[in-house]
Amino acid sequence: MSPHLLFDGGKMFYLNKKMKEFGTIRVSIVGLGLMGGSLLDQLLRLEGFRPTIVAARDKNRIIKKLESLNISENDYVFTDDIVEAISAYERNLLVATTNIELSTMRIFADCVCDATGSVELGCDITVKALNNKVHVVSLNVEMDATVGPILNKIAKDNNVVYSGSYGDEPGSIIELYEFAKFSGFEVLHLGKGKNNKLNNYATNEMLRDEAISKGLSPRMLTSFVDGTNTMIELNAVCNATGFKPDVDGCHFIESSPKDLVDNFKLKEDGGVFNKTGTVDFVKGIHPGVFAIVKPCSEIMNYEMKFLQMGEGPNYSIYRPYHLTSIETPISIAKAVVLEESSIAPIEGAPFAETVAVAKRDIKKGEKIEGIGSDMIFGTLVDVDKSRSEDLVPIGLITEKTIAKEDIKKGVLICYNMIELDYNSSVIKLKSLQNNLTKEL
């Protein structure tokens, strides 16, 4: 058993104890794709949780999902009306709805879980829930990487928790980071695996057949293959730790788990890295996550060698899996009963941003599509570069974004090149976040 799991076991014992003292945790879920649907099924089976509301924008998709999970029509009520929803809730029935606002209300939930994957919708859900004194556990890392710092401030102002989820790769990386720091290691690098090829210029059409065979939308698979999803996940890690990419877009190392230490050396030691305190991604270790660490003393280093963890002076702590939404109930319980986040931006964030790059030539007047599209991909840069060059975070690109000039393929997109939708929730939150950063 890894040290990480031993440490986690102690936390789980305490968490279970506090859950029993608290009583049933009421959870609303927004978004019923793979993650949201799996979470609903899991919470219905777990002691100590009660899913109260499931919400999405499409009624037919909600009903089909409930049918696929073998949830009887006698066990839920579909309504967008608050009075009917309260009646169903009081009769211990699940409420299904397209009225997203119901999911954010304190009368129904102690915690809302955002599984939408939509930056704009996620912002609306999160702000309403936090202002209603409802904790938020988000699987929406696209939103977190863009405006997580200001959302965390709103949560603190309302004395509730804003958190990412264990099981998602950023949350799993932070578990390793916190374990290593607590144990006295110096953490040098953090990262995750990537299971598919990297092609920044991948399109939906290129990946359509593969996506269908995997049960994914072409747009979702495109966001994985073009690297945007990886950049966003590492962005969340940066904002939760203060780490940064070593170079724009990271190095993308090829390595086996046992060779991680050898492949994460500084240039002065024969490697490629300019500095420590960085994030990166690796081909050859998916679905794992890792931390490269250095013991704090000679005797600690000797013990690591004795335990056959390597030859030192640096070591890799590797977790060979992340279980996505299967681990989310832990984060929900931690938020509600311990009032602690699993992963959230720290003071001073953002430390990096995932900025938009043109995948093809974009003409003046064109509407620019966002994450997972054929028009742009995201690359991770130090926030100092993002600010000095006025680069646009990819999460700000909404369906109403328009090119104000011709933009060449491969160009990092600047604010003066595009017209953003300044009525959108994410733009308003980003403006607040920028103003907050200036005040610090």
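The values are calculated or read from the model by the stated rules, or taken from the named source; none is laboratory data. Here the structure is a predicted model, which means the values were calculated and not measured. Because the Cβ atoms are built from the backbone with ideal geometry, glycine has one as well, and the counts that use them run over all protein chains shown.
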Handout entry: Odd one out for Tyr315, checked against (1) closer than 30 Å to Arg26 by Cβ; (2) in contact with a strand residue (DSSP E or B) (Cβ under 6 Å, 6 or more places away or on another chain)
Key = (1)
Practice task
Search segment 413-440 for residues that are in contact (Cβ under 8 Å) with a residue 60 or more places away in the chain and pair each with any residue that is buried (at least 16 other Cβ atoms within 10 Å of the Cβ) and of a type in the set (Gly, Ala, Ser) when their beta-carbon atoms are under 7 Å apart and the residues are at least 6 apart or on different chains.
Solution key: Val426/Gly395
Exercise for the section: Would you mind finding the one in Ala109, Ala145 that is in a helix (DSSP H, G or I) and small (Gly, Ala, Ser)? Expected result: Ala145
Practice task
Can you confirm whether segment 336-344 contains a residue that is within 15 Å of the chain's Cα centre (by Cα) and of a type in the set (A, V, I, L, M, F, W, C)?
Solution key: yes
Handout entry: Contacts under 6 angstrom Cβ, first residue in segment 40-68 being in the same structural domain as Ile332 (by the TED database) and under 14 Å from Arg26 (Cα atoms), partner surrounded by 14 or more Cβ atoms within 10 Å (Cβ to Cβ) and of a type in the set (Gly, Ala, Ser), 6 or more apart
Key = Thr52/Ser28; Thr52/Ala109; Ile53/Ser28; Ile53/Ser103; Val54/Ala96
Practice task
Could you list, in sequence order, all residues of segment 183-198 that are part of a loop (DSSP other than H, G, I, E, B) and either surrounded by 23 or more Cβ atoms within 10 Å (Cβ to Cβ) or among the polar types (S, T, N, Q) (or both)?
Solution key: Asn195, Asn196
Practice task
Can you confirm whether segment 170-182 contains a residue that is surrounded by fewer than 24 Cβ atoms within 10 Å (Cβ to Cβ), farther than 13 Å from Ala291 by Cα and touching a residue at least 40 places away in the same chain (Cβ under 8 Å)?
Solution key: yes
Problem - Residue check, Asn423 under 17 Å from Leu121 (Cβ atoms) and either of a type in the set (S, T, N, Q) or over 24 Å from the mean Cα position of the chain (by Cα) (or both) - result: yes
Completion exercise
Apart from one, (1) surrounded by fewer than 19 Cβ atoms within 10 Å (Cβ to Cβ); (2) at pLDDT 95 or above all hold for Ile53; the odd one out is (1)
Completion exercise
Of (1) at pLDDT 95 or above; (2) over 20 Å from the mean Cα position of the chain (by Cα), Ser28 fails just (2)
Handout entry: Qualifying positions in segment 44-75 - under 24 Å from Leu121 (Cα atoms) and either assigned to a strand (DSSP E or B) or basic (Lys, Arg) (or both)
Key = Arg50, Pro51, Thr52, Ile53, Val54, Ala55, Arg57, Lys59, Arg61, Lys64, Lys65
Exercise for the section: Could you run through segment 207-266 and say how many residues are touching a helix residue (DSSP H, G or I) at 6+ places or on another chain (Cβ under 8 Å), among the charged types (D, E, K, R) and part of a helix (DSSP H, G or I)? Expected result: 4
Handout entry: Selection count, segment 274-310, where residues are surrounded by 12 or more Cβ atoms within 10 Å (Cβ to Cβ) and more than 30 Å from Thr379 (Cα to Cα)
Key = 10
Fill in the blank from the handout: Filtering segment 322-345 down to residues that are over 19 Å from Leu40 (Cβ atoms) and either hydrophobic (A, V, I, L, M, F, W, C) or crowded, with 22+ Cβ neighbours inside 10 Å (or both) yields His322, Lys334, Val337, Leu338, Ser341, Ser342, Ile343, Ala344, Pro345
Completion exercise
Residue set Val381, Val336, Val355, Val293; condition touching a His at 6+ places or on another chain (Cβ under 6 Å) and in contact (Cβ under 8 Å) with a residue 24 or more places away in the chain; output residue Val336
Exercise for the section: Could you please tell me which pairs satisfy a Cβ distance under 9 Å, a separation of 6+ or placement on different chains, a first residue in segment 257-272 that is assigned by the TED database to the domain that holds Met309, and a second residue that is among the charged types (D, E, K, R) and part of a strand (DSSP E or B)? Expected result: Asn263/Glu254; Phe264/Asp280
